[in-house]
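In what follows, a structure is listed as structure tokens, so that the remarks can point back to it.
Values quoted throughout were computed directly from the atomic coordinates according to the rules given, and no laboratory measurement underlies them. Nothing here was measured: the structure is a model prediction, and the numbers come from that model. Cβ placement follows ideal geometry from the backbone for every residue including glycine, while neighbour counts extend to all protein chains displayed.
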Amino acid sequence: MGRRARLGAGWWSPVRVIALVAIGMFALGMVQKLPCYDHGWFFGATTQYTHACYSDIPHLYSGRGFDQGLIPYFDRIPESVSGGMEYLEYPVLTGLFMEVAALLTPGGGTIQHQEQLYWFVNAGMLLACTAVIAVCVARTHRRRPWDALLVALAPAFALTATINWDLFAVALTAAAMLMWSRGRALAAGVLIGLAAAAKLYPALLLGPLLILCVRAGRPRAFLSAALGAAGSWLVVNLPVMLTHGASGFHIREGWAKFYTFSQDRPVDFGSVWLFISQRTGDPLDDANTYASVLMVLGCLGIGVLGLCAPRRPRFAQLTFLVVALFILVNKVYSPQYVLWLVPLAALARPKWRDFLIWQGCEVLYYLGIWFYLAYTGSGDKHQGLPPEGYQLAIIAHLLGTLYLCALVVRDILLPERDVVRGEGSDDPSGGVLDGAPDIFVLGSARRERHTEPAAGTRVEWGAGSHDLQTGLRGRPSGH
């Protein structure tokens, strides 16, 4: 596509088409939940598994006291209702999302009817999040809007969209990446902080930003984003986090529940640790330590990759790798966690073949977890998937994610294989990093770096350019 090509000259612009396709796929995902909406969530424990239509949303409406008007983090949930979970085990902004949906849910009628309406209200709010994600991904890479069709048509996206409330954090993260791509570091940081207040993983974006800003000599941009993220997270959390007692201020138990629950929960579904535990019979009580060590080592490796690569990696590439690492080493992998990676994969490796291979593995896991739960919950050994089959589903998920990670690493080490850079772009999602020269590099990249031109000359970097004398970055006409 040429630099002066007009995008969206008519009403049917790429962004509108992609948003409508995403809404249509979301609607198909809602239809797929119909057997559970009518019956499976309320009668017969295994029906929701054999029809692969399970959702946390209706169960937690009464299970976390929303039907009784309890306020998350402040009111203790009766044990007879929650099954031992004394407070809501979600971050603050997700709790607010759930509370708003509860306030919008009409009262009256049976509890089954209220839970159906609660799921429907949440589905409407998550549909809005889906549209936001589609629009943000389409606009992040300005010259490649159609890459967002990978998100809109992702089968695992449609299947898992209404299992939980993850789409809210994914929408905030997508908006943060859009703001960063426009050079608005502070706004991007504020959105990252809000996303981290809804789900923990968006905080990982600050790591790739640090590495890339160090390499490009853009410390002010990183500091703006980091301060914005810390500030917005604190603004949201402090009112719920702190409570005043006789001994002064202290951490509210309800607020801390998400963090203590994440720390204390044992090895759970979908993780590599569960696979090892089932194969060896070892409960892996030290899985927290193992996962933390692997996460730290993996992040160090990604940091070295970012500083030693022959060309500075794109922001979306490093972000995809660090979030994928978190998913791979975590103690639990719920099916909806794939939503975290779908927009990042579309930006990091926008290639249909590779994307669909990965999606196929995720759909296999989506079916595997539900049929395994049907096997363990029904008592009928002829129904569902035995442990050996479920272990194969876990392997499919792990190999599919590793496959996409390997391709992204290859694109970083061999920039000429990168689909996005193959058309002359540098880093469309990089904002102030797009077209910036390398200032700090390590290893072979340092030895191979070209000699800096004289001050006042102009160096072309794909779609952008950098003035070495003024330090001002220009954009060609049509950006």
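How big is D for the chain, in µm² s⁻¹ as a whole number, if Stokes-Einstein is applied with the Kirkwood radius of its Cα pairs at 20 °C and 1.002 mPa s?
Details: Rh = 23.7 Å.
Stokes-Einstein gives a translational diffusion coefficient of 90 µm²/s.
Between GLN383 and ILE276, what's the calculated FRET efficiency when r is the beta-carbon distance and R0 is 25 Å? Round to 0.05. Could you put the intermediate results ahead of the total?
Numbers: r = 27 Å, r/R0 = 1.06.
Using R0 = 25 Å, I get an efficiency of 0.40.
Report summary: the helix-based calculation at 222 nm, which adds -39500 (n - 2.57) for every DSSP H run with n ≥ 4 and divides by the residues of the chain, gives -19000 deg cm²/dmol. Isolated cysteines in the chain, defined as those with no second cysteine Cβ under 4.7 Å, comprise CYS129, CYS136, CYS213, CYS299, CYS308, CYS361, CYS405.
Taking Cα pairs under 8 Å and at least six residues apart, what relative contact order does the chain come out at, in percent? Reported as a whole number, the value is 17 percent. For the peptides 281-289, 318-326, residues were scored by their other Cβ atoms within 10 Å and the scores averaged per peptide; the highest-first order is 318-326, 281-289. Shown for SER262, SER292, SER232: other C-beta atoms within 10 Å of each C-beta, ranked fewest to most, produce the order SER292, SER262, SER232.
Rounded, prolate or oblate, given the Cα gyration tensor of segment 197-298, with a/c below 1.5 counting as rounded? Intermediate values should be presented prior to the final figure.
Details: a/c = 3.13, a/b = 1.18, b/c = 2.64.
The shape class here is oblate.
Sorting 17-28, 185-196 by their mean Cβ neighbour count within 10 Å, with the most densely packed peptide first, gives 185-196, 17-28.
Using the Cα centre as the reference, give the magnitude of the dipole from point charges on the C-beta atoms of the chain (Lys, Arg: +1; Asp, Glu: -1; all else neutral), rounded to the nearest 20 debye.
Working: 38 positive and 33 negative charges, 449 e Å.
With only Lys, Arg, Asp and Glu charged at Cβ, the dipole is about 2160 debye.
The simple spin-label model puts a point 7 Å past each Cα toward its Cβ; for MET85 and VAL304 those points are separated by 4.0 nm.
If one computes the Cα centroid of segment 334-411 and of segment 155-216, what distance in Å separates the two points? Between the Cα centres of segment 334-411 and segment 155-216 lies a distance of 22 Å.
Using the alpha-carbon positions of segment 1-150, Rg (one decimal) and Dmax (whole number) come out as 19.5, 64 Å. Kirkwood radius for segment 286-325, taken over all pairs of different Cα atoms as the inverse mean of 1/r, rounds to 10.8 Å. Normalised by 2.2 N^0.38 Å, where N is the number of residues, the C-alpha radius of gyration of segment 89-207 stands at 1.16.
Footprinting exposure proxy ranking of ARG265, ARG142, ARG349, fewest other C-beta atoms within 10 angstrom first, gives ARG265, ARG142, ARG349.
How do LYS351, LYS257 line up, fewest other C-beta atoms within 10 Å first? Intermediate results must be reported in sequence, preceding the final value.
Details: LYS351 17, LYS257 20.
The fewest-first ordering by Cβ neighbours comes to LYS351, LYS257.
Take each peptide in 112-121, 308-317, 69-78, count the other Cβ atoms within 10 Å of every residue, and average; sorted highest first, the result is 308-317, 112-121, 69-78.
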